[in-house]
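Colleague: If you scroll down you'll find the structure; I have some questions about it.
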Amino acid sequence: MKRKTILLLIALMILVLGLASLTSAQSVPSVAYTVQPGDTLSKIARQYCTTWEEIYQYNQGIIGDDPSVLEPGTVIYIIPRCGTTPVQPSGVYDRGPRLYANGTVQGNVYTAAKGDTLYSIGQRFGVPYQVIAEVNNITKLDAGDKIIIPGLQSTQTAPYVVITSPWSGATVSRSALPVYGVGGNLFEGNVVVRVTDSTGLVLGEQYTVLQGPNVGTGGSGSWSTQFYNLNVAPGTTGTILAFSPNAGPTASYSVPVIFQ
């Protein structure tokens, strides 16, 4: 009888450790990446300190049966493993579409897309998924379902800009450098993205705007831009800075990178 009790306790400990490991893995947010000409899963994996197998497993439904075939322009999702996690602004706001939270939002009402989960929606808006489930009295979602995101406002109390890709410390291409991010409550949705080397010399600057509903009147959305043929030596460190003109200190964000 004692032997059975000991075996049961061991099994319970293994289960608890497994669940803790799974929770830890899921707590790392994924980032969106747009496949560029010449990309391979191995090349992308090196940029995000992960493996091509993990990226493929996470995106098999998007990529297809052959991991060696990547179509330029395809958006895949990656869990960065570089160990340096940018500090995200806290609070309830739309951090932008992501895997399993790719629906649309109007005011504080979210319309679910196919495959959405409450967990990922909670990550997108900064609200525990248990709270979303309780407020809406639901346990699962179907495409087209409309749910309330508690605490979400159509406009935010403070402007913000976040770079979601490339990740902090990533190795980036000098010939073609795409930059992606999210933001909200920005005047006319304007975002400026600037690339500098380690001395502060400006290598390039691009203007872009948020994309999404109501971004011109304070809503949240996503933005993107791309730099070409940056005049910098391979192995040089630098910084990508995104900011909104005429906005407060929260409306800026920078990540260190290495040019290749």
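Read-outs throughout are calculated quantities, based only on the coordinates presented, and are distinct from any laboratory measurement. What you see is a predicted model; the values in this text were computed from it and never measured.
Colleague: What's the Cα-based Rg to Rh of the range 121-200, Rh via Kirkwood?
Modeller: Rg/Rh for the range 121-200 comes to 1.10.
Colleague: Right, another one. Would you grab the residues whose amide H sits under 5 Å from the one on Trp223? Only those 5+ places off in sequence or on another chain, please, with H modelled 1.01 Å from N.
Modeller: Residues meeting the criterion, in which the H sits 1.01 Å from N, are Gly181, Val182, Gln211.
Colleague: Once fully extended, how much extra length lies between Gln130 and Asp142, figured as 0.36 nm per residue of separation less the alpha-carbon to alpha-carbon distance? Can you show the working numbers first?
Modeller: On the way: separation 12, 0.36 × 12 = 4.32 nm, distance 1.71 nm.
Answer, rounded to one decimal: 2.6 nm.
Colleague: Could you give each residue of the range 106-118 its phi-based ³J(HN,Hα) in whole Hz, using Karplus coefficients 6.51, -1.76, 1.60 with θ = phi - 60°, and x for Gly or Pro?
Modeller: 9, x, 10, 10, 9, 9, 6, 9, 4, x, 4, 10, 4
Colleague: Which whole number of Å³ per residue matches the convex hull of the alpha-carbon atoms in the range 160-259?
Modeller: 78
Colleague: Which values, in whole Å and largest first, are the semi-axes of the equivalent ellipsoid of the range 88-153 obtained as the square root of 5 times each eigenvalue of the Cα gyration tensor?
Modeller: Semi-axes, largest first: 16, 13, 11 Å.
Colleague: Shifting gears a bit: Please give the Cα centre distance for the range 98-127 versus the range 184-211, rounded to the nearest Å.
Modeller: Each part reduced to its Cα centre gives a spacing of 27 Å.
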